[in-house]
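The values are calculated or read from the model by the stated rules, or taken from the named source; none is laboratory data. Everything quoted here is computed from the prediction, not taken from an experiment. All Cβ positions, even for glycine, are placed from backbone atoms using ideal geometry, and neighbour counts span all protein chains on display. To get the accessible areas, we keep the full protein, side chains included, count just its heavy atoms, and leave off ligands, DNA and RNA. Shrake-Rupley method; radii C 1.70, N 1.55, O 1.52, S 1.80 Å.
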Amino acid sequence: STANAPEDDAPSRYSRTERTVYGRYSRDANSSGSSLPSNTLEKRIEELERELAKERQENARLMKMAQDKEELIGKLKEEIDLLNR
């Protein structure tokens, strides 16, 4: 059950990250006036969204690997206990 805990808070972590990214670029656009065209910012946001999607996939893959290893460790501990008896 402890292996599932990081996955439970994953959606809130991602939404926080997205808010930070979008908020930062909105502030940059506002503070710099019209020095950057909006289409440049839109392209940058799309690029960051693609990068975020890749990172989410990688994170999910790593979380699955960690969970699989935790399960294996549990099975091996049980086997060790049986062998010790």
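With a ≥ b ≥ c the root eigenvalues of the C-alpha gyration tensor of segment 38-84, is it rounded (a/c under 1.5), prolate (a/b larger than b/c) or oblate? Can you show the working numbers first?
Working: a/c = 12.01, a/b = 10.37, b/c = 1.16.
Because a/c hits 1.5 or more and a/b exceeds b/c, segment 38-84 counts as prolate.
Based on Cβ point charges of +1 for Lys and Arg and -1 for Asp and Glu, what charge dipole magnitude is obtained for segment 38-84 about its Cα centre, in debye rounded to the nearest 20?
140
So how much accessible area does K69 have, in Å² to the nearest 10, using a 1.4 Å probe?
120
Given the Cα-Cα distance of L41 and R61 and 0.36 nm per residue of separation, how much length would full extension add, in nm? Walk me through the numbers on the way to the answer.
Details: separation 20, 0.36 × 20 = 7.20 nm, distance 3.00 nm.
Full extension of this stretch gives 4.2 nm more.
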